[in-house]
Amino acid sequence: MRVPSTVVVCGGTVFFFLYLLPWHSLPSMIVPMPSPASSVSSRPKEVVLNEEEEESERGLDEDSELAYQGEQPFTKSSPMKFKDPPLVPYRAILHSGLKFNASQSDMLVLLHIQKTGGTSFEKHIVQDLDIEEPCICWKRRKRCKCPRPNTNKLGTKSKESSEPWLFSRFATGWICGLHADWTELSSCVDYELDKAYGSQVKRRYFYMTMIRDPVHRFLSEFRHVQRGATWRASRHSCEGRLATAQELGSCYTGRSWAGVSLGEFLSCPQNMGFNRQTRMLADLSLVGCYNR
């Protein structure tokens, strides 16, 4: 009896997925969460970034620019020590059973790439985590306090002045620069925390970020820039110095690129939106920083 070709194709497909595809080798996606307890749950509260909140992000960027006017970045002559933190691959963390301990010196660092949903995600972290010592947030204030658990038991500092377990825009502010990338954060976080809290502590850093489909992210950035966003306050520091205007280039004159068309946005070779996620997650000191 002749077997129809469609049956043969369907049977072969099922055999491939069940027996030939190595499902057992695929890692399970379990992300360590910032809690001193062994298990962390999240309150079922949905936070959606609407147009009004998106516009408020622009306002936060403009406020940050005022804070950084005239401020010099850290340099090799600064008292900080430039460190290359040892990197532990995610799979090694997963298989070793290493857990984030907010009660000790572990620090969760959020690397916020523009237009990836980072604002909503970071709001969830400070508002919705069901942990022993939730972050303390106030209405009409941009920052929250995220004290380590057992702060009063371990030291004399109050919860308001103690070092947090979270390094993000809603906990510490942009103290390493507006939308600081991996190159900036890895050289800055330790120094800024020591300076802010007056003590040198050996910390373990857990970096976390949000990434997005590159095309969708790029178009979202285009619309944000079209409304007037600039991120002018970004430092773009690398190897202890700021990138020069010649290294960065410019796509527009005046205060913003508001009203730009998609064609103009695409045709500018100095557009920092191109390949932004790759650049912000890379160590730019390995490729000469911003020296094109």
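Scanning segment 192-213 for residues that are at pLDDT 95 or above and over 21 Å from D283 (Cβ atoms) yields a count of 2.
For segment 262-273, check the following and say yes or no: at least one residue is open to solvent by less than 70 Å² (accessible area, probe 1.4 Å) and among the charged types (D, E, K, R). No, every residue in segment 262-273 fails to be open to solvent by less than 70 Å² (accessible area, probe 1.4 Å) and among the charged types (D, E, K, R).
Conditions tested, residue by residue: (1) within 20 Å of F170 (Cα to Cα); (2) in contact (Cβ under 8 Å) with a residue 60 or more places away in the chain; (3) crowded, with 20+ Cβ neighbours inside 10 Å.
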site	(1), (2), (3)
L94	no, yes, no
A102	yes, yes, yes
G118	yes, yes, yes
E122	yes, no, yes
I136	yes, no, no
K142	yes, yes, no
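Taking segment 84-113 as the range and being outside any loop (DSSP other than H, G, I, E, B), over 20 Å from D181 (Cβ atoms) and at pLDDT below 90 as the test, the residues that pass are R91, A92, I93, L94, H95, S96. The set of residues in segment 262-287 that are in contact (Cβ under 8 Å) with a residue 40 or more places away in the chain and not in a loop (DSSP other than H, G, I, E, B) comprises L262, F265, R276, Q277, R279, M280, L281, L284, S285.
The criterion of at least 2 residues that are open to solvent by less than 50 Å² (accessible area, probe 1.4 Å) and of a type in the set (V, I, T) is met, among helices (runs of 4 or more DSSP H) falling completely within segment 161-261, by 182-197.
In segment 174-191, the condition of being in contact with a Gly (Cβ under 8 Å, 6 or more places away or on another chain), of a type in the set (A, V, I, L, M, F, W, C) and closer than 16 Å to L281 by Cα is met by at least one residue.
The values are calculated or read from the model by the stated rules, or taken from the named source; none is laboratory data. Predicted, not measured: the structure shown is a model, and the values here were computed from it. Cβ sites come from the backbone with ideal geometry, for glycine too, and all protein chains shown count toward neighbours. Keep in mind that these areas ignore ligands, DNA and RNA; they rest on the heavy atoms of the full protein, side chains included. Shrake-Rupley method; radii C 1.70, N 1.55, O 1.52, S 1.80 Å.
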